[in-house]
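Student: The structure follows.
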Amino acid sequence: MPFSIAVLLGVVEGLTEYLPVSSTGHLVLVGHWLGLRDDDPATSSFEIVIQLGAVLAVVAHYRALLVERTRGLFARDPAAIRLLTSLAIAFAPTAALGLLLRKTIKEHLFGPVPVATALVVGGVVMIAVERARARLGARGEDGLDRVTPGRALAIGLGQCVSLWPGASRAMCTIVAGQIAGLSTATAAEFSFLLALPTLGAATLYEGYKARHALAAHVGGLGLAAGLVVSFVVAWAVIASFLRYLRARGLEPFGWYRIVVGAVALWVLAQ
């Protein structure tokens, strides 16, 4: 993989990982249009492994909260224990299902048509949920302390849907949080923190399994560039996205998904 393409994919990953538009979906579509093979295991593994840069961006953004909660665990602080428990509950379903379906997903869903379809479907779901909440006047509850075990489980089950590339982990977890009764901003914050175990485990596992293919077809310099670029870009996106969510909703992202998915399907049909 050329160095310039590795950098470009790092930019795409950083821009889209925490927006509800599917980073994996955008990476698959961009990679397809750049001429990368859809069935190349090194390419699909690279697209997963560079998510580690986005994971580190969450650590950087929430460093104060993470330090505080870590200290709280040693001091048996209820808030810290509750947050850790909620993250564990939300992570478990995706971890189990991801291990079971890893090969099937890579063989059948890492392609432009499944991705474009998921983008359109996800966009419709986002718009429907946003409009239903507006009609009901449901703003949801604010604060990470409002993430109960039941709500965490709902978010975790929603995250399972994101195993379909193009569905978007951010979209699935934020919408699940909204439906469970959380505010959009709180659902997004919990989604960001849930990325630590979810994406962290996925990238480390995939990186180890595909280490030889990555070394042969991507190289250490290309992999490092993708990770660094995705880290820098994702860190900037997190803060901007949270500010946006506190002022507006998710509907514009839904329309964006529908347009991108529809255009992709039209182009692929030519």
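The values are calculated or read from the model by the stated rules, or taken from the named source; none is laboratory data. Worth saying up front: this structure is predicted, and the values here are computed from it rather than measured. Reconstructed Cβ throughout: ideal geometry from the backbone, glycine too, with neighbour counts over all protein chains shown. SASA here: full protein model, heavy atoms, side chains in, ligands and nucleic acids out. Shrake-Rupley method; radii C 1.70, N 1.55, O 1.52, S 1.80 Å.
Student: Which count do you get for residues in the stretch 250-270 that are at pLDDT 80 or above and not in a helix (DSSP H, G or I)? Before you say what the answer is, go through the steps one by one.
Tutor: Within the stretch 250-270, the first condition is being at pLDDT 80 or above, and the residues that meet it are 250-269.
Now narrow it down to the ones that are not in a helix (DSSP H, G or I): 250.
Adding up the residues that qualify gives 1.
Student: OK, next. Of the conditions (1) more than 27 Å from L36 (Cβ to Cβ); (2) surrounded by 24 or more Cβ atoms within 10 Å (Cβ to Cβ); (3) not β-branched (V, I, T), S168 satisfies every one except a single condition; which number is it?
Tutor: Status for S168: all satisfied but (1).
Student: Is there any pair linking a residue in the stretch 59-70 that is in contact (Cβ under 8 Å) with a residue 60 or more places away in the chain and surrounded by 14 or more Cβ atoms within 10 Å (Cβ to Cβ) to one that is in a helix (DSSP H, G or I) and small (G, A, S), with Cβ under 7 Å and at least six apart or on different chains, and which?
Tutor: H61/A239
Student: Just checking, does the stretch 85-98 include any residue being closer than 24 Å to S45 by Cα and without any contact (Cβ under 8 Å) to a residue 40 or more places away in the chain?
Tutor: Yes.
Student: I've got another one for you. Taking the stretch 145-188 as the region of interest, how many residues are more than 30 Å from E107 (Cβ to Cβ), touching a Gly at 6+ places or on another chain (Cβ under 7 Å) and part of a helix (DSSP H, G or I)?
Tutor: 5
Student: Now, a different point. For the stretch 131-144, which residues satisfy the criterion of being touching a Leu at 6+ places or on another chain (Cβ under 8 Å) and assigned to a helix (DSSP H, G or I)?
Tutor: Scanning the stretch 131-144 gives a single hit, L144.
Student: If you scan the stretch 66-87, which residues turn out to be hydrophobic (A, V, I, L, M, F, W, C) and in contact with a helix residue (DSSP H, G or I) (Cβ under 8 Å, 6 or more places away or on another chain)?
Tutor: Once the filter is applied, which keeps residues that are hydrophobic (A, V, I, L, M, F, W, C) and in contact with a helix residue (DSSP H, G or I) (Cβ under 8 Å, 6 or more places away or on another chain), the stretch 66-87 yields L66, L73, A79, A80, I81, L83, L84, L87.
Residues are listed down the side, and each one gets a yes or a no for (1) modelled with pLDDT of 90 or more; (2) hydroxyl-bearing (S, T, Y):
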site	(1), (2)
R37	no, no
A42	no, no
F46	no, no
V49	no, no
L66	no, no
T70	no, yes
T104	no, yes
E107	no, no
L119	yes, no
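Student: How many residues are under 20 Å from F192 (Cα atoms) and either touching an Asp or Glu at 6+ places or on another chain (Cβ under 7 Å) or among the acidic types (D, E) (or both) when one looks only at the stretch 1-35?
Tutor: Within the stretch 1-35, the first condition is being under 20 Å from F192 (Cα atoms), and the residues that meet it are 10-27.
Still in the running and either touching an Asp or Glu at 6+ places or on another chain (Cβ under 7 Å) or among the acidic types (D, E) (or both): 13, 17, 23-24, 27.
Final tally of qualifying residues: 5.
Student: Now, a different point. Give me the pairs: first residue in the stretch 134-149 and within 13 Å of F190 (Cα to Cα), second residue of a type in the set (F, W, Y) and at pLDDT 90 or above, beta-carbon distance under 9 Å, and six or more apart or on different chains, which are they?
Tutor: Final answer for the pair search is L144/F190; V147/F190.
Student: So which residues in the stretch 112-159 are closer than 30 Å to G35 by Cα, open to solvent by 20 Å² or more (accessible area, probe 1.4 Å) and among the hydrophobic types (A, V, I, L, M, F, W, C), if there are any at all?
Tutor: If the condition is that a residue be closer than 30 Å to G35 by Cα, open to solvent by 20 Å² or more (accessible area, probe 1.4 Å) and among the hydrophobic types (A, V, I, L, M, F, W, C), then V113, V120, V121, V124 are the ones that fit.
Student: Could you run through the stretch 207-242 and say how many residues are within 18 Å of the chain's Cα centre (by Cα) and at pLDDT 75 or above?
Tutor: So the count comes out to 17.
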